[in-house]
Amino acid sequence: MEHHSLFSDKSKLYESARPLYPESLYQYLSDLCASKDKAWDCACGNGQAAENLAKIFDTVVATDISEQQIKNAKTLDNVEFFVSSAENTPFLENSFDLICVAQALHWFDLKSFWQEVKRVLKPGGIFSAWGYTWPSISPELDAIFRERVLDVIEPYWAPQNSLLWNHYKEISFPFNEIKSPNFMMQVNWNLKEFFDFIHTFSATRRCMDKMGKIFFEVAFNAMAKQWVEVEQKRVINLDFVFYAGKMRI
């Protein structure tokens, strides 16, 4: 299975169940950029980041290798959505003030991607990548989630995911890194909303394809006993990863 197909077959669920990135992140990126003419949201998915960038930049170009994700993107006046790989684009040289990648950098051929970024990012432009890893609710619920879900789907993760889990520390970024604040990512979900989110994990879907959905239903029921009222909203923290760097002149 090609990586982009993992995010195409459930693109509508992906749009509704994925959490929103911290709003303070976009203001921070705005403050970093000397010019706000044009931004590229690479591997945009359903366009969550692009929608926020459109409030800051005159023009936003949002690309994804998944046709289905692009079809499910919102229509926005100053955002152009189209299908493209991250490593080979039709953009002119020195086109962008900002290039960002949300929840996707670990899927790229980085050697080719860095060459493309250097080609299309303006001198002194900003590159940023971010993402989230494991959710945390409470010690009791976290333990059930680890045993009933994470341990079960562990064999089905693609190796690239470990780059994100390790906070991209193993990636050599060809930029002058900018010391950035620690952003906090939280959501307020009931149990069904939480499991809709877990359903979007690539490893969850691979596991379901191999084993069926029974393990998922068992996990839901086990967590429901501890959750008590499944419609009750709970604060869920997501471990957050953020990088920003400036194009070397």
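Taken together, the values in this text are just the output of simple stated rules run on the coordinates, not laboratory data. All of these numbers come straight from a predicted model, not from anything done at the bench. Glycine gets a Cβ as well: all are built from the backbone with ideal geometry, and neighbour counts include every protein chain shown.
Please compare each pair in K55/K246; K179/K233; K55/K122; K111/K213; K36/K74 to a cut-off of 26 Å on the Cα-Cα distance and tell me which ones are over it.
Long pairs (Cα-Cα over 26 Å): K179/K233; K111/K213.
Can you quote the Å³ per residue value for the convex hull of the Cα atoms in the range 3-246, rounded to an integer?
Looking at the range 3-246, the number lands at 122 Å³ per residue.
Starting from 0.36 nm per residue, how many nanometres of slack lie between F173 and N188 once their C-alpha separation is accounted for?
2.1 nm
Quick check on the range 110-173: what does the Kirkwood estimate of hydrodynamic radius come out to from the alpha carbon pairs, in Å?
About 14.8 Å, per the Kirkwood formula over Cα pairs.
Using a 10 Å cut-off on Cβ atoms, rank the peptides 223-236, 22-35, 198-211, 49-62 from the highest mean neighbour count down.
Result, highest mean first: 49-62, 198-211, 22-35, 223-236.
Using the Kirkwood radius over Cα pairs, work out the Stokes-Einstein diffusion coefficient for the range 140-221 at 37 °C and 0.692 mPa s, in µm²/s as a whole number.
Result for D is 219 µm²/s.
How big is the antiparallel share of DSSP beta bridges in the chain, given as a percent to the nearest 5?
So the antiparallel bridges in the chain amount to around 45 percent.
With +1 on each Lys and Arg Cβ and -1 on each Asp and Glu Cβ, how big is the dipole of the range 3-246 about its Cα centre, in debye rounded to the nearest 20?
Dipole about the Cα centre, nearest 20: 160 debye.
Between H199 and E23, take the C-beta separation as r, use R0 = 30 Å, and let me know the FRET efficiency to the nearest 0.05.
0.75
Residue separation times 0.36 nm, minus the C-alpha to C-alpha distance between E147 and W165: what's the value?
Length difference between fully extended and current span is 4.7 nm.
Take each uninterrupted DSSP H stretch in the chain, measure its Cα extent along the helix axis, and return the ones at 18 Å or beyond whose mean Kyte-Doolittle hydropathy is at least 0.0.
Membrane-span-like by this rule: 214-227.
Towards the positive end of the charge dipole of the range 3-246, with charges on Cβ (+1 Lys, Arg; -1 Asp, Glu), say which of P90, C42, A104 has the farthest Cα.
A104
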